[in-house]
Structure formats: C-alpha cells, structure tokens
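Asks: Here's a structure for you.
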Amino acid sequence: MFGPDYTAGCPACSAIADGFNGFVVHLANHDVMLWAVSRAPLAKLQAYRRRMGWGFPWASSGGNDFNYDFNVSFTEQQQRTRAIEYNYQKAGVSSRKDIGEAEAVPEAGARIAATVGTDWATYTREAPGMSAFELEDGVVYHTYSTYARGLDGLWGMYQWLDRAPLGRNENGIWFRRHDEYDKR
C-alpha cells in the first residue's frame, strides 16, 4: 500500500483501506485484529493515516523481511532477473524483462506510479496481499493468504458497483484517494 520510496499511499490500496474503519470494531469484538502493514517508515504511514482519517492499526515492516516473506515486496535484483513469485505464480507482477524501460511501461501504469511519486519499476516492487495468522499457545501460525484479484472481496466499493445497473463501468483507472475527487 505504501512503499518506502512512495510519497503517498497507492490509490487502489487506499480505496480498499477506506472500508477498514467501519468493520475493524466488529472484528475486534470477535477476537480478530486487523493490521495494515507497509514498508514505508512509520512516520510516513502515520501522517498518511491522519490525512485519510483512518483509525485502524498500521505497522511498518521497513527494515525486516515480512513483506518479502509473503511475496508482496520485491527487490530491484528480483525484477531484473525475473525471480519473482506473486500470487503463487513464478514470474508474476513486475517481472517483465523490460520493466522500467519507457517504451515498455503501460500508460496507465506510469500514471498510477506518478500518483505515489515514483516510476513504474519502483511502484511495482510492492504488490497487494492479505494474510491471516493464529496465535495459539505462544506460537504464530500462518493460516491464509490471498493476492491480486483475491483481494476484490475486501474492496467494499466494488461490492456495491458489481450490483449497480451498469456494474463497474470502468474506463481505465478512475478511482482516486477519497480526498482527491474534487481536485480534478
């Protein structure tokens, strides 16, 4: 959602996170905690969280391997050598040999990368994912993970749009951070 080189959170991930505030209390009252985790420094995450009006916990995994362990962050070397596994597939997101070359960057990709203050190659070193863990007798168990389109169920607005008369009715990247809709 927020890579260490980003100046702001990813607009798509931010749209997903906009729904967290409403249900985090319900999860907590069912003995479930929701935490967002990003690699950006904690001070950047806290400032962005305040900007967006979010109250859910958000941790920084900067300086450790958490995101790499769950295949949602990738090194520049992994990109170059196509040694990426994402969504249980080898050579997944951001693994194209020509990634980062101007002619190979999709126009929409360049636009979304610019919204976080970076280039396409840097932007694609972070990918979305969700994992669940169980703490039992002092041992943490990894019980579930989902990536890519598996996250659609967390994207609250799509659940509504999928049921609207015109459906998602998408034409390119249309969504923005919720505080940017009036800033066209």
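The values are calculated or read from the model by the stated rules, or taken from the named source; none is laboratory data. Predicted, not measured: the structure shown is a model, and the values here were computed from it. For neighbour counting, all protein chains shown are included, and Cβ atoms are generated from backbone atoms with ideal geometry for every residue, glycine included. Just so you know, the surface numbers come from the protein's heavy atoms only, side chains and all, with ligands and any DNA or RNA stripped out. Shrake-Rupley method; radii C 1.70, N 1.55, O 1.52, S 1.80 Å.
Asks: Which of (1) open to solvent by 60 Å² or more (accessible area, probe 1.4 Å); (2) without any contact (Cβ under 8 Å) to a residue 40 or more places away in the chain is the odd one out, the single condition LEU154 does not satisfy?
Replies: Failed condition: (2).
Asks: Please find, among ALA132, ALA148, the residue that is in contact with a strand residue (DSSP E or B) (Cβ under 8 Å, 6 or more places away or on another chain), at pLDDT 95 or above and aliphatic (A, V, I, L, M). Can you show your working first?
Replies: On the way: ALA148 fails: at pLDDT 95 or above.
After ruling out the rest, the residue left standing is ALA132.
Asks: Same structure again: Which of (1) under 15 Å from the mean Cα position of the chain (by Cα); (2) more than 20 Å from ASP152 (Cβ to Cβ) does SER14 not meet, given it meets every other one?
Replies: The number of the failed condition is (2).
Asks: Any residue in the stretch 74-91 that is at pLDDT below 90 sitting within a Cβ distance under 8 Å of a residue that is outside any strand (DSSP E or B) and surrounded by fewer than 13 Cβ atoms within 10 Å (Cβ to Cβ)? List the pairs, counting only those 6 or more apart or interchain.
Replies: Sorted first by the residue in the stretch 74-91, then by its partner, the pairs are ARG82/LYS97; ALA83/GLN77.
Asks: State the number of residues belonging to the stretch 53-85 that are buried (at least 18 other Cβ atoms within 10 Å of the Cβ) and assigned to a helix (DSSP H, G or I).
Replies: 2
Asks: Note down all Cβ pairs under 6 Å where the first residue falls in the stretch 16-41 and is at negative phi, the second is open to solvent by 60 Å² or more (accessible area, probe 1.4 Å) and assigned to a loop (DSSP other than H, G, I, E, B), and they're at least six residues apart or on different chains.
Replies: That search, which allows pairs on different chains as well, returns ASP18/HIS178.
Asks: Of the conditions (1) within 28 Å of GLN77 (Cβ to Cβ); (2) open to solvent by less than 50 Å² (accessible area, probe 1.4 Å); (3) of a type outside the set (Val, Ile, Thr); (4) in contact with a strand residue (DSSP E or B) (Cβ under 8 Å, 6 or more places away or on another chain), GLY117 clears all except one; give me its number.
Replies: Checking GLY117 against (1) within 28 Å of GLN77 (Cβ to Cβ); (2) open to solvent by less than 50 Å² (accessible area, probe 1.4 Å); (3) of a type outside the set (Val, Ile, Thr); (4) in contact with a strand residue (DSSP E or B) (Cβ under 8 Å, 6 or more places away or on another chain), the one that fails is (4).
Asks: What are the residues in the stretch 157-178 that are closer than 19 Å to TRP54 by Cβ, open to solvent by less than 50 Å² (accessible area, probe 1.4 Å) and at pLDDT 90 or above, if any?
Replies: Scanning the stretch 157-178 gives a single hit, ARG177.
Asks: Among (1) of a type in the set (D, E, K, R); (2) modelled with pLDDT of 90 or more; (3) farther than 24 Å from ASN21 by Cβ, there is one condition GLU103 misses while meeting the rest; what is its number?
Replies: Here GLU103 meets the rest and fails (2).
Asks: Pairs under 9 Å by beta carbon, first residue of a type in the set (Asp, Glu) in the stretch 157-184, partner at pLDDT 90 or above and not in a loop (DSSP other than H, G, I, E, B), six or more apart or different chains?
Replies: Going by the 9 Å Cβ cut-off, the qualifying pairs are GLU170/LEU161; ASP179/ARG51; ASP179/MET52; GLU180/PRO11; GLU180/THR115.
Asks: Of the conditions (1) in a helix (DSSP H, G or I); (2) in contact with a Lys or Arg (Cβ under 8 Å, 6 or more places away or on another chain); (3) at pLDDT 90 or above, ALA43 clears all except one; give me its number.
Replies: Only one criterion is unmet by ALA43, namely (2).
Asks: Consider the stretch 17-48. How many of its residues are more than 24 Å from GLY109 (Cα to Cα), open to solvent by 40 Å² or more (accessible area, probe 1.4 Å) and under 15 Å from the mean Cα position of the chain (by Cα)?
Replies: Within the stretch 17-48, residues that are more than 24 Å from GLY109 (Cα to Cα), open to solvent by 40 Å² or more (accessible area, probe 1.4 Å) and under 15 Å from the mean Cα position of the chain (by Cα) number 1.
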